[in-house]
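Notes for the one structure printed next.
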Amino acid sequence: TQNQALSALIFLYQSVLDIDLGGIRSRRASAKRTIPTVLSPSEVGALLELLEGVPHLVGSLLYGTGAGLIEVLRLRRQDIDFERGVPYLSATKGGHQRVTMLPLAVREELEDHLRHLRRRFLVKRAGGSAAVHLPGAIALKYPRASTSWKWQWVFPASKDSADPRTAVVARYHLHPSAIQKAVARAARQAGIAKKATCHTLRHTFATHLL
């Protein structure tokens, strides 16, 4: 960018060439502030109504919790707590864990989804193919955790794949593009003229709270 180029030149003259630029006055490009797109409640309803299965559940979580798409897709079974009076959803961002309220409207659908996943998990584990990829430290310390129920992805990919670093074959979470394409398709079908994306659902959540 223009500001990066200017900073590089100043560094070159002052730190490399040892030339004092004195009280140089430079005009830096001002950052453009874009107003995030927000959907109306009726638009959100129309969009979610056209989503089915996993995309519907993920879309509902994006709008209902304000979490990012990657945060939702990285959820593991142990991250969801149904035992509290109001269920909570914990997600990771930048290595830090945060807790956000899980809407009651999504609870039944999420519970059904997890019951279905558990049945599949038990069948796969009996056949010796229930391993999921684990964080590096966990994989080294508790290698057997990869086949435990609590470490299973809430939204697993459809096939196993090899870790490019370790060559271990196991299951990753669903790829973001699967949800992004489903949301874009539903937005077109709903006739929404605004830019409606997964990120839009997240911004809409925050706005509707105001």
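For A157, the residues whose amide H sits under 5 Å from its own are Y172, H173, L174, ignoring neighbours fewer than 5 places away on the same chain, with H placed 1.01 Å from N.
Using all pairs of distinct alpha-carbon atoms, the Kirkwood hydrodynamic radius of segment 99-210 works out to 16.7 angstrom. Between E52 and V123, the distance separating the two model label sites (each 7 Å from Cα on the Cα→Cβ line) works out to 2.0 nm. Estimated from the Cβ-Cβ distance and a Förster radius of 35 angstrom, the FRET efficiency linking T100 and A184 is about 0.90.
Computed from backbone phi with θ = phi - 60° and the Karplus coefficients 6.51, -1.76 and 1.60, the 3J(HN,Hα) list for segment 154-168 is 6, 10, x, 5, 7, 9, 6, 8, 8, 5, x, 8, 10, 6, 6 Hz; x is used for glycine and proline.
Listing T100, T34, T166 from the residue with the fewest other Cβ atoms within 10 Å to the one with the most, what is the order? Before the final figure, lay out the partial values.
Values: T100 16, T34 6, T166 11.
Fewest-to-most ranking of T100, T34, T166: T34, T166, T100.
Residues of segment 100-131 falling in the label zone of R84, defined by backbone nitrogen less than 19 Å from a point 7 Å along Cα to beta-carbon, are 100-111.
Each value in this text was obtained by applying a stated rule to the coordinates, not by laboratory testing. Here the structure is a predicted model, which means the values were calculated and not measured. Positions of Cβ are backbone-derived with ideal geometry, glycine not excepted, and every protein chain shown enters the neighbour counts.
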